[in-house]
Amino acid sequence: MLRQQPPYRNRGTLFKEYAHLRRGQGATRRMLQYGANLLARRLKLPVNEHKSKVAAIDPCVFLGFTFRGTKLRWSPRAFEDFKHRVWELTGRSWGVSMPHRLAKLAQYVRGWMGYFGISQYYQPVPELDEWLRRRVRMCYWKQWRRPRYRRCAVCWRWAWGGAAPF
């Protein structure tokens with residue numbers, strides 16, 4: 001990467017992200033403009049001026065991640081989107097079988113945790129697990145409908161040590 005961008009090395013910084021450590025705000029803006037020109041002229045890539053900015057790192061959100069001090073976290077909006085999608089997948093009125101519902105839910109949660117698993121924010125994960133399990137229990141409870149079926153299903157689950165036969 002440094003071989004493709006020698007002007008950054010000539011200006012005394014390794015990468016444009018670290019320019020603010022050596023120089024002031026004006027120099028950082030000039031480095032941003034230089035990088036945008038480099039992308040536009042040499043690589044012929046469009047640069048979105050509305051998304052490119054010089055700012056402190058705390059309020060910025062990039063690809064669903066944000067920084068809190070030195071910790072990498074998922075953004076509040078990404079977390080709300082996750083909860084909304086899980087809410088859709090575990091909705092009581094979605095008329096699909098439970099194996100299909102659980103497969104879709106597992107696929108989504110596995111993908112989300114695979115992407116956001118690099119974050120250093122583990123405090124809400126146990127609470128999130130409790131919430132997911134409660135949503136799945138709600139789906140089973142809705143599927144069983146009548147109290148007689150609920151009693152029978154709970155007995156089957158207890159007697160067979162796991163899944164009910166239906």
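Points to keep in mind about this one:
- Looking only at segment 123-149, and only at residues there that are over 23 Å from Ala103 (Cα atoms) and part of a helix (DSSP H, G or I), the one that is modelled with the lowest pLDDT: Tyr149
Condition check ((1) charged (D, E, K, R); (2) modelled with pLDDT under 90; (3) in contact with a Leu (Cβ under 6 Å, 6 or more places away or on another chain)) across all residues:
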| position | (1), (2), (3) |
| --- | --- |
| Ser75 | no, yes, no |
| Glu80 | yes, no, no |
| Leu105 | no, no, yes |
| Ser119 | no, yes, yes |
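- Only listed residue being touching a Leu at 6+ places or on another chain (Cβ under 6 Å) and not assigned by TED's automatic domain parsing to the domain that holds Arg134, chosen from Leu89, Leu32, Leu63, Leu39: Leu39
- Residue list for segment 82-100, restricted to those being among the basic types (Lys, Arg) and at pLDDT 90 or above: Lys83, Arg85
- Residue match in segment 37-47 (condition: modelled with pLDDT under 50, of a type outside the set (Phe, Trp, Tyr) and not in a helix (DSSP H, G or I)): no
The values are calculated or read from the model by the stated rules, or taken from the named source; none is laboratory data. All values derive from a computational prediction rather than experimental measurement. Cβ atoms come from the backbone with ideal geometry, glycine included; neighbour counts cover every protein chain shown.
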